[in-house]
Amino acid sequence: MNKKKIISGVITLSSLALLAACTPQDSGNQESVDTSEQSSTPTVENSSESDMMNESESMDDMGGMMHDDSGEIPEGLQEAENPTYTVGDTVTIQTDHMAGMEGATGTIVGAFDTVAYEVSYDPTNGGPREENHKWVIHEEIADAGEEPFEPGDEVTLEANHMEGMEGATATIDDAKSTTVYMIDYQPTTGGEEVENHKWVTDSELSAE
């Protein structure tokens with residue numbers, strides 16, 4: 001009987017030892033799974049942050065441009081009598097007023113004779129100062145008379161090519177009598193077609 005009790009006791013102790021040995025391994029496995037699950041979460045967050053950064057960089061590339069595609073013609077603006085390019089002509093743009101513009105293929109929507117101004121101004125929305133913006137035309141300036149403005153003149157803009165432009169006080173940097181064109185074009189950077197872009201001049205276009 002004593003031998004049986006001893007053997008039974010040994011078996012019981014062995015079983016307890018085996019259970020104790022297995023328990024930390026199970027706990028370790030659970031911790032390993034939990035850690036793996038937690039480490040995957042920041043990856044999704046980082047992906048979202050990356051997308052937001054890319055969108056921000058895309059906006060920076062556009063220089064804050066809020067394009068007016070209404071095609072509205074300022075009152076008093078006269079169609080050009082003998083423009084270099086006529087409505088429907090296909091042209092190549094040789095200027096970079098906006099990202100993706102230079103080298104793009106465009107279509108002439110309208111051609112007008114006027115005085116085009118290069119201006120510098122502080123946007124009404126508090127944005128950074130715009131230097132040497134091309135172009136605002138004579139008919140887009142408040143109280144414009146028959147005579148063109150001169151470099152150095154201070155004027156009030158009525159154009160809304162960009163956010164914060166309309167109503168802003170500007171300084172005339174340069175003035176030139178020329179034909180200005182309204183154009184549609186497909187940006188070289190991709191994306192949707194830009195419609196009724198105002199304005200480009202003869203020297204900023206070439207025949208397709």
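The values are calculated or read from the model by the stated rules, or taken from the named source; none is laboratory data. Everything numeric in this text was worked out from a predicted model, so none of it was measured. Here Cβ is always computed from backbone atoms with ideal geometry, including for glycine, and neighbour counts include all displayed protein chains.
Results, tabulated for the structure shown:
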{"quantity": "Verdict on residue 102 being surrounded by fewer than 17 Cβ atoms within 10 Å (Cβ to Cβ), charged (D, E, K, R), under 22 Å from the mean Cα position of the chain (by Cα) and assigned to a loop (DSSP other than H, G, I, E, B)", "calculated": "yes"}
{"quantity": "Filtered residues of the range 123-133 (kept if buried (at least 17 other Cβ atoms within 10 Å of the Cβ) and either touching a residue at least 40 places away in the same chain (Cβ under 8 Å) or aliphatic (A, V, I, L, M) (or both))", "calculated": "123"}
{"quantity": "The range 166-189: number of residues that are part of a strand (DSSP E or B) and among the polar types (S, T, N, Q)", "calculated": "5"}
{"quantity": "Set 192, 163: member being farther than 23 Å from residue 90 by Cα, of a type in the set (Asp, Glu) and assigned to a loop (DSSP other than H, G, I, E, B)", "calculated": "163"}
{"quantity": "Yes/no for residue 120 being small (Gly, Ala, Ser), surrounded by fewer than 19 Cβ atoms within 10 Å (Cβ to Cβ) and either within 20 Å of the chain's Cα centre (by Cα) or closer than 22 Å to residue 81 by Cα (or both)", "calculated": "no"}
{"quantity": "Residue in the range 138-148 that is aliphatic (A, V, I, L, M), exposed (fewer than 15 other Cβ atoms within 10 Å of the Cβ) and under 19 Å from residue 73 (Cβ atoms) present", "calculated": "yes"}
{"quantity": "Residue list for the range 153-208, filter: surrounded by fewer than 19 Cβ atoms within 10 Å (Cβ to Cβ), in contact (Cβ under 8 Å) with a residue 60 or more places away in the chain, touching a strand residue (DSSP E or B) at 6+ places or on another chain (Cβ under 9 Å) and closer than 17 Å to residue 123 by Cα", "calculated": "158"}
{"quantity": "Selection count, the range 186-208, where residues are within 17 Å of residue 159 (Cα to Cα) and charged (D, E, K, R)", "calculated": "2"}
{"quantity": "Scan of the range 77-97 for residues that are among the aliphatic types (A, V, I, L, M), more than 13 Å from residue 204 (Cα to Cα) and in contact with a Gly (Cβ under 8 Å, 6 or more places away or on another chain), ordered by number", "calculated": "87"}
{"quantity": "Candidates 50, 120 - the one that is outside any loop (DSSP other than H, G, I, E, B), out of contact with any Phe, Trp or Tyr (no Cβ under 8 Å at 6 or more places or on another chain) and either at pLDDT 95 or above or on the phi > 0 side of the Ramachandran plot (or both)", "calculated": "120"}
{"quantity": "Residue that is nearest to residue 144 (Cα to Cα), among those in the range 71-88 that are among the acidic types (Asp, Glu) and in contact (Cβ under 8 Å) with a residue 24 or more places away in the chain", "calculated": "75"}
{"quantity": "Tally of residues being aliphatic (A, V, I, L, M), modelled with pLDDT of 95 or more and part of a loop (DSSP other than H, G, I, E, B) across the range 76-99", "calculated": "3"}
